[in-house]
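Everything on this sheet refers to the single structure shown next.
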Amino acid sequence: MRLKLTGKDLRKIGYPEGRVISVAMRVMNSNFKHTKQREALDLLEKVLKDPNDYLKNDTLGPIAALLVEKPKTRTPDEIPLATERREYTVFGADHIEAGAVNQMEIAMRLPVTAAGALMPDAHQGYGLPIGGVLATDNAVIPFGVGVDIGCRMCLSVFELPEHLIYGENKKLKNILQRDTLFGAGREFSKPMDDEVLARREFKEIPLLRGLHDKAVRQIGTSGSGNHFVEFGIVEITEQSRDLDLPPGKYLALLSHSGSRGLGAAIANHFTKVAMDATPLPREAKHLAWLSLDTEAGQEYWACMNLAGDYASACHHQIHHKIARALGEKPTAMVENHHNFAWKETHEGRELIVHRKGATPAGKGVLGIIPGSMSQPGFIVRGRGEPTSLDSASHGAGRRMSRAAAKNSLLWTHVTEMLKENGITLMGGGLDEAPMVYKDIHQVMSFQKDLVDVLGTFQPKIVRMDE
């Protein structure tokens with residue numbers, strides 16, 4: 001098979017943003033086209049580690065030359081990063097890709113950074129890595145929150161027997177098909193009303209005025225990618241006053257999605273504002289921040305909180321419609337969001353804590369950490385671990401990029417795995433196949449000090465974007 005490296009492959013092993021990525025791709029794809037991908041990446045890692053050793057190499061020299069440290073020229077208004085990064089804790093370090101660690105290293109050198117942590121499901125994103133937790137002094141980073149602001153998990157547990165999953169499979173599939181809608185830009189022709197749509201921010205903030213109609217049409221819908229609504233079986237493993245459920249197995253509904261086009265528009269707009277306000281070196285440009293002492297910072301904060309409440313409203317509408325179709329009310333509901341920033345006090349200081357793909361896990365705080373289609377999710381209670389900034393993972397985390405999944409997996413493999421695990425899949429794609437995710441049991445083993453497990457959720461009927 002002909003070698004075909006991508007920029008994401010190189011970033012994953014720690015290559016920095018910039019011209020070196022395009023040069024390395026061209027050199028490797030041209031001169032090592034019959035080399036196995038893993039061997040090519042191993043070679044590139046060696047060049048990255050000791051570029052001076054390869055400067056005179058006829059083939060690899062151009063890559064090495066771009067990796068050798070040169071004095072950096074700065075524009076007059078560019079804000080320099082600190083020479084030394086602040087210390088931070090990494091959970092499950094041996095199983096986190098170099099690209100994610102590199103992004104966290106950069107984030108820990110921001111002038112506004114106070115503390116940080118990296119969760120065991122971490123992988124590379126834009127700006128702050130997914131699984132990155134970053135605390136700042138009076139500053140909010142739009143791309144530290146992420147594009148899908150307030151992306152959320154919501155679990156409804158019904159006092160219905162687990163065997164309904166098997167005996168009423170067709171009925172449950174029809175409910176999911178009728179009462180959910182997935183995909184970028186998708187809208188309901190007759191959306192439900194919600195009090196969040198009457199919030200004053202939609203009238204007072206110019207950006208939101210222009211997004212109100214879209215928010216109305218998209219409420220109660222879900223995005224694409226890894227967003228889902230699924231029926232499954234919850235098993236409560238210990239009596240929990242928080243859940244008010246005795247040990248046992250129950251029919252449950254779990255959803256995962258965020259703030260739709262509203263959140264994306266807010267993120268993209270304020271990231272540009274932040275980049276103008278706090279210009280940073282190229283490798284850190286997506287970590288541009290807004291001071292909360294500024295009008296732009298306050299405006300973003302208001303928009304972010306509205307988007308988080310909008311994401312919650314979307315989930316509540318989904319769960320309301322499906323509960324109505326079942327003719328039942330949930331016995332318990334658990335929800336939490338990630339891709340958000342909170343004002344919190346840590347070691348006596350008020351900080352802005354960004355959790356990009358990380359679950360709040362303060363002492364006693366409930367949450368859900370999903371696995372994959374074939375692996376269980378976990379209902380958890382936070383332990384308030386200071387070194388994690390009261391955080392935990394938001395899932396299993398990807399071990400394979402979307403491009404790699406599409407290029408290397410076959411639907412027959414996915415179908416076999418789903419059949420073995422008794423999973424019915426409606427929609428979905430190769431880039432969300434179970435095998436693209438890390439082992440959730442291993443991820444959970446790295447965060448025993450961060451959360452206590454109250455129960456599990458095993459997916460059975462999964463609905464995703466087509």
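Read-outs throughout are calculated quantities, based only on the coordinates presented, and are distinct from any laboratory measurement. All values reported here derive from a predicted model rather than from experimental measurement. We place every Cβ from the backbone using ideal geometry, glycine too, and count neighbours over all the protein chains shown.
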Taking the dipole of the range 7-67 about the Cα centre (Lys, Arg +1; Asp, Glu -1; charges at Cβ), the one of N31, V47, T59 that reaches farthest to the positive side is N31
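Quote the charge dipole size of the range 1-103 about the Cα centre in Debye, to the nearest 20; the model charges only the Cβ of Lys and Arg (+1) and of Asp and Glu (-1). Mind dumping the intermediate values first?
Details: 18 positive and 15 negative charges, 100 e Å.
Roughly 480 debye for the range 1-103.
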Range of Cα positions in the range 7-67 per principal axis (Å), largest first: 24, 23, 17
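Taking the Cα centre of the chain as origin, work out the dipole magnitude from +1 charges on Lys and Arg Cβ and -1 charges on Asp and Glu Cβ, in debye rounded to 20. Don't jump to the answer; show the numbers that get you there.
Working: 57 positive and 57 negative charges, 287 e Å.
Using only the charged Cβ atoms, the result is roughly 1380 debye.
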Taking amide H atoms as placed 1.01 Å from N in the peptide plane, list the residues 5 or more away in sequence, or in a different chain, whose amide H sits under 5 Å from that of M426. V462, R463, M464
Set of aspartates and glutamates with alpha-carbon distance to K438 below 16 Å, sequence-local pairs under 8 removed: D94, E97, D121
What is the fewest-to-most order of V380, V436 by other Cβ atoms lying within 10 Å of their Cβ? V436, V380
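Select from the range 293-380 those GluC sites (Glu not before Pro) which occupy a DSSP coil region and have at most 16 other Cβ atoms within 10 Å, ordered by residue number. Mind dumping the intermediate values first?
Working: sites: E295, E299, E328, E335, E344, E347, E350; in loops: E328, E347.
Within the range 293-380, the qualifying GluC sites (Glu not before Pro) (loop, at most 16 other Cβ atoms within 10 Å) are E328, E347.
What order do you get for H227, H441, H394, H95 when you list them from fewest to most C-beta neighbours inside 10 Å?
Values: H227 23, H441 12, H394 28, H95 16.
Placing the least packed residue first, the sequence is H441, H95, H227, H394.
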Under the helix-only model (-39500 (n - 2.57) for each DSSP H run of 4 or more, divided by the residues of the chain), the mean residue ellipticity at 222 nm, to 500 deg cm²/dmol, is -9500 deg cm²/dmol
Virtual spin-label span in nm between R38 and V68, 7 Å along Cα→Cβ: 3.3
Total lysine pairs under 27 Å (Cα atoms) in the range 309-427, excluding pairs fewer than 8 apart on one chain: 5
